[in-house]
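The values are calculated or read from the model by the stated rules, or taken from the named source; none is laboratory data. Since this is a predicted model, take the numbers as computed values, not measurements. Every residue, glycine as well, gets a Cβ built from its backbone with ideal geometry; the counts of neighbours run over all protein chains shown. These area figures cover heavy atoms from the full protein model, side chains too; ligands, DNA and RNA do not enter into them. Shrake-Rupley method; radii C 1.70, N 1.55, O 1.52, S 1.80 Å.
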Amino acid sequence: MATETLQRGQWGSRIGFILAAAGSAIGLGNIWRFPYLAGEGGGGAFVLIYLVCVVGIGMPYLFAELALGRKSQRNPVGAIMSLVGPRSLWVIVGAFCVLAGFVILSYYSVIAGWAVGYAVKEVIAPGMPFGEFVASPTMVIGLLAVFLALTLLVVVGGIEQGIERWAKILLPILLVLMILVIIRSVTLPGAGEGIAFFLIPDFSQVSLDLVIVALGQAFFTLSLGMGAMITYGSYLAKTEDIAISGGYVVIFNTVVALMAGFMIFPALAATGVDAASGPALVFLALPEVFAQMPLGGLVSVTFFVLLSIAALTSSISLLEVVVSYFVDETAWSRKKSVLIIGGFTFLMAIPSALSQGAVASLSDLSYLLGDDGLFGANDFLSLLDVLVGSVGLAIGAFFLSIFIAWVWGASEAAKELEQGGSLLTPGLIKVWVFMMKYVLPLIIAVIIIGNLVGIDV
Ligand code: PFF
């Protein structure tokens with residue numbers, strides 16, 4: 001066991017784990033996805049529902065993924081096999097996790113590459129509009145390669161020397177940079193209106209669709225539904241309190257999403273840019289916002305540097321899910337796994353990179369999907385995001401929660417939660433077991449059905 005732990009690696013400290021897991025959670029989901037969803041969902045009402053979903057549903061489910069990882073000390077496939085054997089059909093769920101990590105990493109790296117490009121845009125492509133920027137094959141593929149190479153470099157270093165060390169450096173930098181942009185944003189004339197939009201709920205905006213979108217975002221933002229937290233939990237020492245460590249991750253992640261709101265909505269209000277600009281909000285609208293403000297160039301570079309950093313600490317967790325599978329279940333070394341998976345991810349990412357205008361047959365899939373696309377997605381990247389990042393994560397979370405609550409057994413899982421920790425009193429543990437067995441599977445099923453009937457996320 002001791003040599004095995006040495007080979008797999010383990011977090012060096014509690015704060016190291018918290019920063020790495022918070023780094024996984026905090027990413028494009030907080031700074032790019034949350035603001036545009038809140039902008040489209042009417043502001044404060046969406047924010048309130050999202051907070052309820054994160055605390056009431058995301059957090060208990062996060063504890064479950066962490067517990068399964070720590071119990072088994074394995075990647076998602078190995079974790080499931082350790083409980084039900086290699087021939088069980090449940091292994092397919094683990095395999096889905098690994099595949100989802102690979103696919104999400106491919107298109108996530110493309111968007112992250114744009115962020116890297118925007119951080120140095122004044123140097124590499126001054127004055128080039130977003131549409132032209134994403135349609136340039138050399139630009140997008142070059143930036144994708146840069147971002148993916150950074151991800152590989154961190155993961156090849158392993159758990160303590162790679163992921164933990166970099167999370168400890170990058171996350172504090174992210175927080176400081178965000179505070180600087182917030183100070184600039186909230187001191188702009190007219191900022192108050194944006195803050196009010198973000199904070200004061202308008203309940204006439206609430207609909208079932210909005211609740212479902214908020215739930216889906218709660219899963220995406222906490223990196224749930226594809227075993228990233230099973231994997232990170234597998235490097236957690238038995239002496240740690242899962243509820244305390246996981247609780248910090250939820251707090252950090254929520255604080256950063258709210259900070260992103262304080263960064264973006266006052267700036268939009270001050271410059272009159274529409275908050276409901278959709279997924280392009282960050283890349284299309286914000287540079288316009290920055291251009292209109294004093295010290296805008298500096299704020300812009302700062303913002304896109306921090307978006308790249310946030311994306312990096314998430315992409316390493318996506319890659320780690322796949323790498324941990326090969327390290328645990330095959331004879332491949334960490335270095336070999338990282339290089340081979342990195343190569344395949346790069347190839348897999350190319351069609352996504354070229355799907356924003358560079359190659360017409362990837363950018364407009366109406367010849368395959370009809371004029372409305374599938375769930376509104378009509379290009380290759382958006383299609384992967386909807387199929388894997390949205391519907392796929394929900395399906396993954398549904399099966400994993402059933403597996404943990406009914407196959408492993410919620411009471412057994414609760415014992416793992418109680419080990420090394422005392423934050424959860426017996427009463428709270430009872431509530432958790434009930435939620436895992438009945439409430440969560442039901443609610444997650446609602447998200448999936450909501451997605452399937454075509455709710456526009
Ligand atoms: N939580 C990340 C974000 O908000 O950007 C995205 C993510 C990372 C989703 C890792 C899933 C995952 F396993």
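Just a few scattered comments:
- Shape analysis of the range 358-457 yields a ratio of the Cα radius of gyration to the Kirkwood radius, Rg/Rh, of 1.21.
- Within the range 132-241, the trypsin sites (Lys or Arg not before Pro) that combine a DSSP coil assignment with at most 16 other C-beta atoms in a 10 angstrom radius are K238.
- Net charge over other residues, Cβ less than 13 angstrom from the Cβ of S401 (K, R count +1; D, E count -1): 0
- With 18 Å as the limit on Cα-Cα distance, the pairs of K238/K336; K71/K238; K238/K430 that go past it are K238/K336; K238/K430.
- The Rg/Rh ratio for the chain is 0.95, where Rg is the radius of gyration of the alpha carbons and Rh is the Kirkwood radius.
- Gained length - A95 relative to Q10, 0.36 nm times residue gap less alpha-carbon distance: 28.3 nm
- Inverse mean reciprocal Cα-Cα distance (Kirkwood Rh) of the range 266-373, Å: 17.5
- Exposure rank, largest accessible area first [I340, I26; 1.4 Å]: I340, I26
- Counting only DSSP H runs of at least 4 residues, each contributing -39500 (n - 2.57), and dividing by the residue count of the chain, the helix-based mean residue ellipticity at 222 nm comes to -21500 deg cm²/dmol.
- Under 15 Å, Cβ to Cβ, from A100 - net charge with Lys/Arg +1 and Asp/Glu -1: -3
- Solvent-accessible area per residue for the range 301-341 (1.4 angstrom probe, square angstrom): 30
- The slack between F203 and Q292, meaning 0.36 nm per residue of separation minus the straight C-alpha distance, is 28.8 nm.
- Efficiency of FRET from Cβ geometry, L347 and D371, R₀ 25 Å, rounded to 0.05: 0.25
- Geometric extent, Cα atoms of the range 398-449 - Rg, Dmax (angstrom): 11.6, 38
- Residues I182, I159 ordered from highest to lowest accessible area at a 1.4 Å probe: I182, I159.
- Computed over the chain: relative contact order in percent, which uses C-alpha pairs under 8 Å that are six or more apart: 32
- Rounded to the nearest 10 degrees, the angle from helix 14-25 to the longest Cα principal axis of the chain is 50 degrees.
- Relative packing of peptides 211-219, 53-61 - highest average C-beta neighbours within 10 Å first: 211-219, 53-61
- With all protein chains modelled, accessible area of S366 [1.4 Å, Å²]: 30
- Surface exposure of the range 209-277, expressed per residue as accessible area with a 1.4 Å probe, stands at 23 Å².
- Each residue was assigned an accessible area with a 1.4 Å probe, and for M348 the value is about 50 Å².
- The apolar share of the surface of the chain, taken as the fraction of accessible area on carbon and sulfur atoms (1.4 Å probe, ligands and nucleic acids excluded), comes to 69 percent.
- For the residues S204, S185, a 1.4 Å probe over the protein chains yields an accessible-area ranking, largest first, of S204, S185.
- C-alpha center-to-center spacing [the range 88-129, the range 340-389] in angstrom: 12
- Rounded tilt (10° steps) of 137-156 against the dominant C-alpha axis of the chain: 30
- The calculated FRET efficiency for A145 paired with D274, based on their beta-carbon distance and R0 = 35 Å, is about 0.55.
- The C-alpha atoms of the chain define a longest principal axis, and helix 59-72 lies at about 50 degrees to it.
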